[in-house]
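Input: a single structure, listed below in structure tokens.
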Amino acid sequence: QVPLKPGRSLMDWIRLTKSGKDMTGLKGRLVEVTEDELAKHNKKEDCWICIRGFVYNVTPYMEYHPGGEDELMRAAGTDGTDLFDQVHRWVNYESMLKECLVGRMAVKPIAVSKGEVKLRVKFLLLFIPKLTVNVGNTWFFSSLYFWFYSYDWFQTDILITIVIYTKQKDMNAELVIVDCQDKRLRGEIILGDHSYLVEVDLDHAVQEDIAVNIAEKVGKVEIILKKKDNVHWNMLGQPLECHNTFIKRTDRGLFYRKCKLVSKTEVTHDTKLLCLMLPKSTHLRVPTGQHVYLKQIIAGIEAVKPYTPVLPFLPLDFKEPSHHDGAEIYLMIKIYPFGLFTQALDHLQIGDYISVSNPEGNFNKAQVQALEDLFLLAAGTGFTPMVKLLDLALTEVGCLRTVKLIFFNKTEDDILWRNQLEQLALKDERFEAHFILSQPTKDWVGKQGKISSSLLSEFVKRSRKDSKMLICICGPTPFTEQGVQ
């Protein structure tokens, strides 16, 4: 992010879009844009950008863009979809730029060779229907195969069970996301950067509470629904558009469910721990190192921001993994005085709802499993991704020798969970916490300063020669960039 001029905040942009001013220069007309036409609009004073097939005149947005004008200009006159996805795929550009919409990109005809036609026919032949079987009072129905995934479903008088065969060893609860909202069932299985989706409009209504059973060794997932009425289902339901597909997760977009705020606890003078309750009809576990997006409507604009869930407290006994039933998501959020989004979060009342996305991120637990030394560099709420990582490392990594948290803050009052971290350091000899302040009082006897190579060289040392080590860093962009350097 870059500093914006006065009068160029998100609220100022919202006011401008609602002023009735012509933001496109086309007086309300929508046009079809060719690649040649798009390429002509590549200057700051005349800048068009294409995102997912739609073209926007972002010229009036230049001074309001939190990433600065230069970032927007990287996509000037071109298709900026990939660049947009790399930087902030979660931003709702459709809402932010709806008054800047120029039109749709012209579709170029695609020539298909005979060889490609044959190949597509081959793929279609993979969809082979299986049998329908009646065993006693239980009816088994089978779907179609899609690549190496397939699913079946069967029913009893009171239950509907959907069985997904992933053929993936080490399947676990974090790789399965299920939502059932208003008869719409959505079950997603994660495999690396791809996912398989079962998504149907159910034939009949079901009760709120769902169950998910996982046979980890064979990769079988069962989604169990309770019928609302004791009626026989002739079909599972009407398949929705993305049903029975196996594609990249980034191509799916984000899926949200409404979560209830059930508690709000003060952590420091400006940071709070929010507990959000997932719906009974949702099964979701946020993996270590991954984040979710919160979405809320502010002044008529859909605003979205990422947060990394934490544990409700820092475990002090690491004999076995911390088990939470997954019904809640805990978020540690710093409330900024002029932060539009965090102020809105702070004003939420107990019982209010906010939309929470599926988990995102590419951190892999395998990166930690063979570690001997783990160094965590955090600034402010950049501490939040470290919480679950601490739990994972101290619980499951048997060869771990040292874990060091180097925690940067402005003042002592800003240090999150200081007492818990100090208790943990006393309890587990592998863990050390070092607090470094940039604006300490004269009474502070600890380290002070900002992140630098000289300062880090005091702490980032291997426990033995050639030990396997990992350094994780999170904080404001300048802190992270300086730390990486």
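Pick out the one residue from Lys27, Lys18, Lys5, Lys44 that is free of Cβ contacts under 8 Å to residues at least 60 places away in the same chain, charged (D, E, K, R) and surrounded by 12 or more Cβ atoms within 10 Å (Cβ to Cβ). Give the steps one after another, and end with the answer.
On the way: Lys27 fails: surrounded by 12 or more Cβ atoms within 10 Å (Cβ to Cβ); Lys18 fails: free of Cβ contacts under 8 Å to residues at least 60 places away in the same chain; Lys5 fails: surrounded by 12 or more Cβ atoms within 10 Å (Cβ to Cβ).
Sole residue among the options that is free of Cβ contacts under 8 Å to residues at least 60 places away in the same chain, charged (D, E, K, R) and surrounded by 12 or more Cβ atoms within 10 Å (Cβ to Cβ): Lys44.
Tell me which of these Gly398 doesn't satisfy, since it passes every other one: (1) without any contact (Cβ under 8 Å) to a residue 12 or more places away in the chain; (2) part of a helix (DSSP H, G or I); (3) small (Gly, Ala, Ser).
Of everything listed in (1) without any contact (Cβ under 8 Å) to a residue 12 or more places away in the chain; (2) part of a helix (DSSP H, G or I); (3) small (Gly, Ala, Ser), Gly398 misses just condition (2).
For the stretch 300-310, what are the residues that are surrounded by 14 or more Cβ atoms within 10 Å (Cβ to Cβ) and either at pLDDT 95 or above or over 22 Å from the mean Cα position of the chain (by Cα) (or both)?
Hits for the stretch 300-310 are Tyr307, Thr308, Pro309, Val310.
Please verify whether Glu208 is of a type in the set (D, E, K, R) and open to solvent by 60 Å² or more (accessible area, probe 1.4 Å), treating the condition exactly as stated. Can you show your working first?
Details: of a type in the set (D, E, K, R): yes; open to solvent by 60 Å² or more (accessible area, probe 1.4 Å): yes.
When the stated conditions are applied, Glu208 passes them.
What's the total number of residues in the stretch 321-362 that are closer than 30 Å to Ser463 by Cα and open to solvent by less than 50 Å² (accessible area, probe 1.4 Å)?
Qualifying residue count, the stretch 321-362: 2.
Quick one: would you say Ile451 is surrounded by 15 or more Cβ atoms within 10 Å (Cβ to Cβ) and touching a residue at least 60 places away in the same chain (Cβ under 8 Å)?
Numbers: surrounded by 15 or more Cβ atoms within 10 Å (Cβ to Cβ): yes; touching a residue at least 60 places away in the same chain (Cβ under 8 Å): yes.
Yes; evaluated as a whole, the condition is true for this residue.
For the stretch 155-179, which residues satisfy the criterion of being touching a Gly at 6+ places or on another chain (Cβ under 9 Å) and either polar (S, T, N, Q) or assigned to a strand (DSSP E or B) (or both)? Don't jump to the end; show me each part of the working.
So the first thing to find is which residues in the stretch 155-179 are touching a Gly at 6+ places or on another chain (Cβ under 9 Å), and the list is 162, 164-171, 173, 176-179.
Answer for the stretch 155-179, where residues must be touching a Gly at 6+ places or on another chain (Cβ under 9 Å) and either polar (S, T, N, Q) or assigned to a strand (DSSP E or B) (or both): Ile162, Ile164, Tyr165, Thr166, Gln168, Val176, Ile177, Val178, Asp179.
Just to be sure before I move on: is Ala39 outside any helix (DSSP H, G or I) and at pLDDT 90 or above in the structure I sent? Quick ask: steps written out before the conclusion?
Values: outside any helix (DSSP H, G or I): no; at pLDDT 90 or above: yes.
No: the conditions fail for Ala39.
Of all residues in the stretch 232-275 being of a type in the set (Val, Ile, Thr) and not in a loop (DSSP other than H, G, I, E, B), which is least open to solvent (accessible area, probe 1.4 Å)?
Kept after step one, since they are of a type in the set (Val, Ile, Thr), are these residues of the stretch 232-275: 245, 247, 250, 262, 265, 267-268, 271.
Applying the additional criterion that residues be not in a loop (DSSP other than H, G, I, E, B) yields 245, 247, 250, 262, 265, 271.
Numbers: Thr245: 32, Ile247: 57, Thr250: 71, Val262: 55, Thr265: 74, Thr271: 5 Å².
Filtering the stretch 232-275 for residues that are of a type in the set (Val, Ile, Thr) and not in a loop (DSSP other than H, G, I, E, B), the one least open to solvent (accessible area, probe 1.4 Å) comes out as Thr271.
The values are calculated or read from the model by the stated rules, or taken from the named source; none is laboratory data. Just so it is clear, the model here is predicted, and its values are computed rather than measured. Cβ atoms come from the backbone with ideal geometry, glycine included; neighbour counts cover every protein chain shown. The accessibility values were calculated without ligands, DNA or RNA, using every heavy atom of the protein model including side chains. Shrake-Rupley method; radii C 1.70, N 1.55, O 1.52, S 1.80 Å.
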